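One structure is given below, encoded as C-alpha cells.
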Amino acid sequence: MMDETAMYHQPTETTPLRIIPNRDNTPDGATQVAIRQLNFFYGKSRALNDVSVNVPANAVTAIIGPSGCGKSTLLRAINRIYELYPDQRAEGEIEIDGRNVLDRTYPLSDLRRKVGMVFQKPTPFASSIRNNVGFALSYYERLSKSEINDRIEDALKQAALWDEVKDKLNQSALGLSGGQQQRLCIARTIAVKPEILLLDEATSALDPISTAKIEELVHELRETFTILIVTHNMQQAARVSQRTAFFHMGELVEFGRTRDIFTNPVQQRTQDYITGRFG
Amino acid sequence: MQQAREHTLKAFDEDLDRLRALISEMGGLAEHAIQEAMRCLIQRDVEGAELVVDGDARIDDLEIETERRVVQLIALRAPMAGDLRDSIAALKISAVVERIGDYAKNIAKRVPQLGGAQIEPMSLLPEMARIAAGMVHDVLDAFVNRDAEAAVRVCQRDQAVDDFYDSIFRALLTFMMENPNNISQSAHLLFVAKNLERVGDHATNIAEMVYYAATGRYMGDTQKYGGTR
C-alpha cells in the first residue's frame, strides 16, 4: 500500500503545510486533474467562481460544502456531463494528462473512458449482472468472450462484489440490494479502467453497512485511481479522503490535507461549516 | 480561530459549555485547596487541613465526570476542528487539575506533622503559593475564554515560581546545616515548596494545552519563556 506521506514532504509540527485557496493549490506529488479558473454557468447564474485546484493522483479528494455550493457542479464539469443540457457552460481549463478536456475538440468518448462517475442512486441497467459490467467493455474495446469474462470478474472482485454475485451473473441486476447495486455500478465504471472516479453522494442512499463497504472499496481503489468524492457526510469525508476541498457559494474556500481541515482549518468559514455553526 | 458563532444544534453548545463549566469548577476548587492548605500551614490549623484533604475527593469526582462527558461528546456529537481540540484539552486539563488538587492535599497532610516554632524560610512560601495558585486561576480562565495570549502570559510567570523554589531550597538547606533540630520541619517545608513548584509546572502544561486548543498550533519556546531562556 502506498504510504500517503511518501507523496509529499512531511511538514514539521511547527510549520504545517498550508495550501492557500486560489493561490497555490499544488500539493507536492503528481497532479491528476488540474483545474484552472473554472467558472460554470447555469444560464446566467454562475455556480462556480474562478475555481483553481490541483487534484492529486492516486488519492481520494473529498469535496464538501452546503447544498448549492457547487460541489456536484464541479464533478459535472470534469466529465462534461453538463453538455447534455442546454444553457449550461463551463469556462476555464480542466487539464487531464496534459490536455484541456473542456476543449470542444477533446473527444467525449475519450473523456468518458478516462473519467467514470457513480451517482447518488444506483443506476443499474435492466439487464443481467454480467451485461451491466460487460456492456461498456464491449463498447470501448475489442475483446474475446473469455477476455470479457475475465475483465468482468476482475471488476466485480475489485468492487468487492464477486463473492456475492458469482453464482448469479445471468440474473437481473435489479434483484440486487441497493448497496450491491451501487457496488455493481462501481464495478461497471472501473471495468473500462478509467483514471479518475467521480462519486457523487454515492452512499447517501445506503445503510451504514453498505456505506462502510463502499468506503473500504474507495480506500482500496485509491491505489489504482484518482478519486473525487462529493459528500454531505463530513465524517465520511474525514474517513476516506486524504485531501478535502470546502466549497461555499461557488467558491473554493479552502483546500488542504484532510487531517488539517478537520483539526485545524485556516478559514473561518471552513471552521464554521465543519463544526456545525453554519447558519 | 474564533468560535463566536453558535452551533446550529443548540444542545452541542450546551454540552461544550457544561464541559467548560466543569473545568472551571475543578480549577476553582484546586486553587482554593492550595490557598487553604497554605493558610492552614501558616496558622497550624490542623482541623482546616483535614477539610482540605477530604475536599480532594470532590476534585477527583469532577475529573471522572469530565472524562465521562468528553467521551459522550465525542461519541454523540463528533466534534471537529476547534470543538475537537477543546474537548481533548478539557480531558487532558482535568487530569492535570486533579494532580494539582493532590499537591494541595499533600501540603495539607503535612500540617499536623510540622510541630515546633515557625522557621524563617516559611515566610517566602505564601507568596510562592499565591503566584502558583494565581497561575492555575488564570490559565483556566484562559481555557474558558479560549485566550491563547493569556495562556502565554501564564507560562511566563513560571520562572518566578522556580526562582522562589531555588531561594527556599537554599534557605532551608542553610537552616538544616545550622541546627539539626530544624531538619524535620525544614524537610517538610522543602516538600511543600517542591509541591508548589510542581503546581506552577502543571499550570504551564495546561497553558500549552489551552494554546493548542485555541489556535491549533503549538506554543513555541520563545512565546513560552518570553525569550528569557
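The values are calculated or read from the model by the stated rules, or taken from the named source; none is laboratory data. For clarity, every value in this text was computed on a predicted model and none was experimentally measured. As a convention, Cβ positions derive from the backbone with ideal geometry for all residues, glycine included, and neighbour counts pool all protein chains shown.
Residues checked against (1) surrounded by fewer than 16 Cβ atoms within 10 Å (Cβ to Cβ); (2) part of a helix (DSSP H, G or I); (3) touching a helix residue (DSSP H, G or I) at 6+ places or on another chain (Cβ under 6 Å):
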{"site": "A:G116", "(1), (2), (3)": "no, no, yes"}
{"site": "A:Q120", "(1), (2), (3)": "no, no, no"}
{"site": "A:G134", "(1), (2), (3)": "no, yes, yes"}
{"site": "A:L137", "(1), (2), (3)": "no, yes, yes"}
{"site": "A:R142", "(1), (2), (3)": "yes, no, no"}
{"site": "A:V165", "(1), (2), (3)": "no, yes, yes"}
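When the residues of segment A:193-235 are narrowed to those that are in contact (Cβ under 8 Å) with a residue 12 or more places away in the chain, out of contact with any helix residue (DSSP H, G or I) (no Cβ under 8 Å at 6 or more places or on another chain) and not in a loop (DSSP other than H, G, I, E, B), which ends up nearest to the other protein chains (Cβ to nearest Cβ)?
In this case the residue turns out to be A:E216.
Based on this model, can you work out whether A:T270 counts as crowded, with 17+ Cβ neighbours inside 10 Å, in contact with a Phe, Trp or Tyr (Cβ under 8 Å, 6 or more places away or on another chain) and within 14 Å of chain B (Cβ to nearest Cβ)?
yes
Among the residues that make up segment B:48-65, is at least one of them touching a helix residue (DSSP H, G or I) at 6+ places or on another chain (Cβ under 8 Å), in contact (Cβ under 8 Å) with a residue 24 or more places away in the chain, away from chain A (no Cβ under 14 Å) and not in a helix (DSSP H, G or I)?
The answer is no; no qualifying residue exists.
Would you call A:T26 polar (S, T, N, Q), at pLDDT 50 or above and surrounded by 13 or more Cβ atoms within 10 Å (Cβ to Cβ)?
Taking the combined requirement at face value, the residue does not satisfy it.
Give B:L196, B:L173, B:L190 a once-over and let me know the one that is crowded, with 23+ Cβ neighbours inside 10 Å and away from every other protein chain (no Cβ under 14 Å).
It is B:L196.
Residues of segment B:210-219 being assigned to a helix (DSSP H, G or I) and either free of Cβ contacts under 8 Å to residues at least 40 places away in the same chain or buried (at least 23 other Cβ atoms within 10 Å of the Cβ) (or both), which ones?
Listed by number, the residues that qualify are B:V210, B:Y211, B:A213, B:A214.
When the residues of segment A:32-66 are filtered to those that are among the small types (G, A, S), touching a residue at least 60 places away in the same chain (Cβ under 8 Å) and outside any strand (DSSP E or B), which remaining residue is surrounded by the fewest Cβ atoms within 10 Å (Cβ to Cβ)?
Top of the filtered list is A:A57.
Restricting to segment B:80-94, count the residues that are in a helix (DSSP H, G or I), over 15 Å from B:E6 (Cβ atoms) and within 14 Å of chain A (Cβ to nearest Cβ).
Residues meeting the conditions: 6.
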